[in-house]
Amino acid sequence: MANLETLFEQWLDGKVLSDAQLQLLENDPEYKALMNQAQIWQQHSRDYKAEAVPTWERQSSMSKISSAGVFNMAGVWAVAASVMICSLIFLVMPKQQTPELLGQVAQQTQLLESQQKQIDQLQKIITAQNELQQQQMYQLAKEAIATGRVERQEDINSLITYIKTQRAQDQAYLRMQLNDLAEQVQEQPMAAIAKN
């Protein structure tokens with residue numbers, strides 16, 4: 001698959017590929033689709049023609065209205081509307097509800113304060129849990145490292161034992177061969193030993 005990717009990159013870079021290499025790319029459905037998309041984008045980029053931005057004439061697109069008169073009139077109406085709304089509020093709202101509203105505002109304030117305290121407590125709990133979790137992860141990592149060291153030490157000890165056993169066996173085998181050779185030499189007559 002990496003070969004097809006390399007071929008596709010070379011084809012995108014404009015390098016000339018052999019017919020066999022092109023055939024490999026076109027036989028793969030994924031790379032065939034990619035090649036078709038690349039050809040479409042290349043065609044669009046060749047056909048692109050930049051167009052000049054038209055100039056904008058501000059005076060022709062906006063009518064000339066005396067802005068001072070419009071804003072002065074709007075300001076008068078806004079002041080009048082706000083005075084009317086304020087007077088309606090004071091006339092319609094009975095004076096008996098004002099203490100009740102103040103009581104509700106006080107209750108809402110107390111509720112918000114208690115909720116803020118709860119949020120602060122939850123944040124402290126979350127912070128403590130995070131610290132505890134980090135300590136536990138550190139302890140687990142230390143235990144894993146210690147276990148790995150013990151296992152490596154055991155493996156090294158068993159390897160040393162195996163090497164010592166092999167060495168002892170090799171030495172015993174060499175001693176046996178030397179003894180056999182010594183026996184063969186002792187059994188041969190002296191004339192045969194001199195010829196050798």
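The values are calculated or read from the model by the stated rules, or taken from the named source; none is laboratory data. The structure presented is a predicted model; accordingly, all values stated were derived computationally and were not measured. Areas reflect the complete protein model, heavy atoms only, side chains present, ligands, DNA and RNA absent. Shrake-Rupley method; radii C 1.70, N 1.55, O 1.52, S 1.80 Å.
The set of residues from region 6-40 being among the β-branched types (Val, Ile, Thr) and not in a helix (DSSP H, G or I) comprises just one member, 16. Within region 122-129, none of the residues are assigned to a helix (DSSP H, G or I), more than 38 Å from the chain's Cα centre (by Cα) and either at pLDDT 85 or above or of a type in the set (Lys, Arg) (or both).
Looking at residue 23, is it open to solvent by 100 Å² or more (accessible area, probe 1.4 Å) and either among the basic types (Lys, Arg) or modelled with pLDDT of 75 or more (or both)? The answer is no for residue 23. In region 164-182, the qualifying residues are those that are among the aliphatic types (A, V, I, L, M) and open to solvent by 80 Å² or more (accessible area, probe 1.4 Å), and the one that is nearest to the chain's Cα centre (by Cα) is 174.
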